[in-house]
1. What are the residues in segment 152-193 that are of a type in the set (A, V, I, L, M) and in contact with a helix residue (DSSP H, G or I) (Cβ under 6 Å, 6 or more places away or on another chain), if any?
2. Looking only at segment 39-85, which residues are under 26 Å from residue 204 (Cβ atoms), out of contact with any Phe, Trp or Tyr (no Cβ under 8 Å at 6 or more places or on another chain) and open to solvent by less than 60 Å² (accessible area, probe 1.4 Å)?
3. Name the residue, out of 206, 149, that is of a type in the set (A, V, I, L, M), over 27 Å from residue 102 (Cα atoms) and part of a helix (DSSP H, G or I).
4. Of the residues that sit in segment 162-174 and are of a type in the set (A, V, I, L, M, F, W, C) and surrounded by fewer than 19 Cβ atoms within 10 Å (Cβ to Cβ), which one is nearest to residue 62 (Cα to Cα)?
5. Which residue out of 102, 56, 87 is outside any loop (DSSP other than H, G, I, E, B), among the hydroxyl-bearing types (Ser, Thr, Tyr) and more than 19 Å from the chain's Cα centre (by Cα)?
6. Residues in segment 18-38: is at least one in a loop (DSSP other than H, G, I, E, B) and surrounded by fewer than 18 Cβ atoms within 10 Å (Cβ to Cβ)?
7. Return a yes/no flag: does segment 128-135 have any residue that is more than 30 Å from residue 259 (Cα to Cα) and of a type in the set (S, T, N, Q).
Amino acid sequence: MDSFVQLLVGTVVLRPYVVAFLLLYLFAAVADMGWRRTLLFTIVAWSVAFTAESLSIRFGVPFGLYHYLPTTAGRELWIAGVPFMDSLSFVFLAYASWTMASLALLPPLRDGESRWALSLPHRDRFSVPVLLFTVVFFVLIDVVVDPIAVRGDRWFLGQIFTYPEGGVYFGVPVSNFVGWGVVGSAIMILFALLERSVRGGAPAWAARLPLRPLYGPGLYYIVLGFALTVTWFIGEQTLLLVGLFIYGPLTTYLAVTITARWREGQRSSRGHLERVPVVLSARDAPANGRGSLPVEPVWRDPHLE
């Protein structure tokens with residue numbers, strides 16, 4: 001038992017940034033969909049990721065063949081040859097990608113909707129376009145993260161895994177990104193099928209949180225910012241430019257979407273006031289003729305008719 005506790009402590013000490021990302025995920029996910037669905041999502045995502053990693057280090061499917069190095073063995077928790085924190089990272093990245101897809105596919109605001117309605121209705125969050133975009137965002141974040149993970153010996157992560165045959169994309173094989181697409185699809189499809197049986201929703205306290213639908217995308221950009229900062233720190237300028245090239249236009253689009261939603265919300269909140277009939281006095285009423293408008297009284301005393 002003491003050795004297991006030491007491994008848990010070592011896991012936290014060696015990967016404090018992953019622990020921080022995980023805590024942010026738990027807060028955002030519970031506020032978004034409640035603790036039951038958060039627990040289900042965590043179990044589904046970790047199980048799929050762990051299975052995929054276990055198969056890849058042995059048979060090369062679905063990520064391509066790679067090997068974890070025993071650099072941290074005995075210092076952090078490993079399960080069947082896979083560092084626990086590595087497979088756990090897929091959980092918060094999948095959730096953050098899902099919320100990014102929901103934000104990117106927001107429909108135009110309808111009259112009467114709140115200006116902070118920045119997330120799709122629950123039923124629409126499992127639509128085919130959202131699931132496809134989730135996989136896209138899931139793969140894109142790995143396009144930035146995996147090349148710096150391969151270079152872990154140049155920053156505090158350490159050299160923990162290697163692709164024996166290298167890869168064409170900054171040392172990462174294309175099969176890795178195909179594998180991320182497969183894993184992301186499996187996570188979202190399984191969760192969509194299983195979450196229907198889960199009761200409950202977001203807790204009451206979450207309704208008081210401002211900008212709640214932006215917590216997931218915020219987590220996505222925190223991870224992205226961390227990865228780009230490390231990329232800059234280790235001097236990989238080309239990789240940094242690739243990341244900025246990918247996320248620059250995407251971030252601009254999302255910023256425009258949020259801004260447009262806010263403006264539409266403001267117009268919507270004023271719209272019902274603009275449609276209230278105005279009672280004009282006889283002096284203000286237009287004269288009959290072209291261009292005159294009928295004046296409809298707001299209230300009429302039936303005893304005077």
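The values are calculated or read from the model by the stated rules, or taken from the named source; none is laboratory data. A quick note: this is a predicted structure, and the numbers were derived from the prediction, not measured. All Cβ positions, glycine included, derive from the backbone under ideal geometry; neighbour counts span all protein chains shown. In case anyone asks, the SASA skips ligands and DNA or RNA and just uses the protein heavy atoms, side chains included. Shrake-Rupley method; radii C 1.70, N 1.55, O 1.52, S 1.80 Å.
1. 160, 172, 183, 186, 187, 188, 190, 192
2. Listed by number, the list holds a single entry, 42.
3. Being of a type in the set (A, V, I, L, M), over 27 Å from residue 102 (Cα atoms) and part of a helix (DSSP H, G or I) holds for just one of 206, 149, which is 149.
4. It comes out as 174.
5. Just a single option satisfies the conditions, and that option is 56.
6. no
7. The answer is no, given that none of the residues of segment 128-135 is more than 30 Å from residue 259 (Cα to Cα) and of a type in the set (S, T, N, Q).
Yes/no matrix, rows are residues, columns are (1) assigned to a helix (DSSP H, G or I); (2) at positive phi; (3) open to solvent by 20 Å² or more (accessible area, probe 1.4 Å):
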position: 123; (1), (2), (3): yes, no, yes
position: 133; (1), (2), (3): yes, no, yes
position: 156; (1), (2), (3): no, no, yes
position: 176; (1), (2), (3): yes, no, no
position: 182; (1), (2), (3): yes, no, yes
position: 190; (1), (2), (3): yes, no, yes
position: 218; (1), (2), (3): yes, no, yes
